[in-house]
């Protein structure tokens, strides 16, 4: 295999790895923090609502029920018991150190577009070299069909 | 403008991947057969020998007279050593072939799906 193909493949692998980091579904530390704040604020709303229900139950001498409702999880109860700030601080301390440093959404989308553009160029060049070499060169298992078949050979 | 794809190339690559899978499977079969043959010959060699015949290298160092005294068949043992070497080479070829076939097959499956996409052909 030519040195040129090896170099191209190294660059392709590097860009593919970088693209993984910039996937739209992943969050930057700032975005993760925002999500935590939203979740805790929502939990606080539920906790406030439930506090009134609980007060009502106690006032009527009913048995206290503290089962989380579907989709609400345990967070509202934690907020009720510990307070919004303590829960948010705890979540931040346990979650944020594990969120890899990545760009925020707009910058991520821009970088992802640049990577895709460069990958298109590199993968086409790679396939052209394979076809023109006249040798049997194994294609990458993750080669893109549309590029392999776009280059006539 | 509609993009044109080299359909024949795609079909050829899919066929080649299948051929590679077949070759890898053939090598695997040969390895299994050779292993069975080696095991059977090793058992035969051990049966007559009055000392443990696992370490052929040490037994092969003995003089023909010493080998005779412990009922060790030196010629058969040498053939067996050669067979083991052949097996090691064959197994290396099999592993390489398997890796290449699996890579080609993975791409072939993607090519097949792509070729079945409406509007590609």
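Counting every C-alpha pair in chain A, the share spaced more than 18 angstrom apart comes to 71%.
With Cα atoms as the point set, the radius of gyration and Dmax of region A:111-151 evaluate to 10.9, 35 Å. The C-alpha atoms of chain B define a longest principal axis, and helix B:7-48 lies at about 10 degrees to it. Against chain A, whose longest principal axis is taken from its Cα atoms, helix A:29-59 shows a tilt of about 20°. In plain terms, the residue of B:5, B:105 with the fewest other Cβ atoms within 10 Å comes first and the most crowded comes last, giving B:105, B:5. A Gaussian network model of chain A, with springs between Cα atoms under 10 Å, assigns the largest mean-square fluctuation among A:91, A:58, A:15 to A:58. Per-residue ellipticity at 222 nm, computed for chain A from helices alone with -39500 (n - 2.57) per DSSP H run of at least four residues, works out to -22500 deg cm²/dmol. Remark: relative contact order (chain B) = 46 percent; criterion is Cα-Cα distance under 8 angstrom and separation of 6 or more residues. The label-point distance for residue B:23 and residue A:54, in a model that sets each label 7 Å from Cα toward Cβ, rounds to 7.1 nm.
Shielding by partners for peptide A:146-153, expressed as the average number of C-beta atoms from other protein chains within 10 Å of each residue's C-beta, is 6. Shown is the FRET efficiency for residue A:72 and residue B:115, computed with R0 = 51 Å from the Cβ-Cβ distance and rounded to the nearest 0.05: 0.60. Can you tell which of A:24, A:97, A:76 shows the greatest fluctuation in a Gaussian network model of chain A with Cα springs below 10 Å? Answer for the Gaussian network model of chain A: A:97.
Treat chain B as a sphere of radius equal to its Kirkwood radius over Cα pairs and apply Stokes-Einstein at 10 °C in a medium of 1.306 mPa s; give the translational diffusion coefficient in µm²/s, rounded to a whole number. In µm²/s, the coefficient is 88.
Rounded to the nearest 10 degrees, the angle from helix A:3-21 to the longest Cα principal axis of chain A is 10 degrees.
The alpha carbon centroids of region A:105-120 and region B:1-76 are separated by 50 Å. Per-residue shielding of B:104-115, expressed as the average number of other chain Cβ atoms within 10 Å of the residue Cβ, stands at 4. For chain A, a Gaussian network of Cα nodes joined below 10 Å ranks A:12, A:115, A:54 by mean-square fluctuation, and the top entry is A:54. Over region A:53-153, Cα pairs under 8 Å with separation of 6+ residues give a relative contact order of 15 percent. Here the protein assembly as shown is treated as an ellipsoid with the same Cα gyration tensor; its semi-axes, largest first and in whole Å, are 61, 37, 18. Seen from every direction in turn and averaged, the convex hull around the alpha carbons of region A:65-153 projects onto 10.7 nm². Shielding by partners for peptide B:5-15, expressed as the average number of C-beta atoms from other protein chains within 10 Å of each residue's C-beta, is 3.
Readers should treat all values here as calculations from the given coordinates under stated rules, not as data from a laboratory. This is a predicted model, so every value here is computed, not measured. Methodologically, a virtual Cβ is constructed for each residue, glycine included, from the backbone with ideal geometry; neighbour enumeration extends over all protein chains shown.
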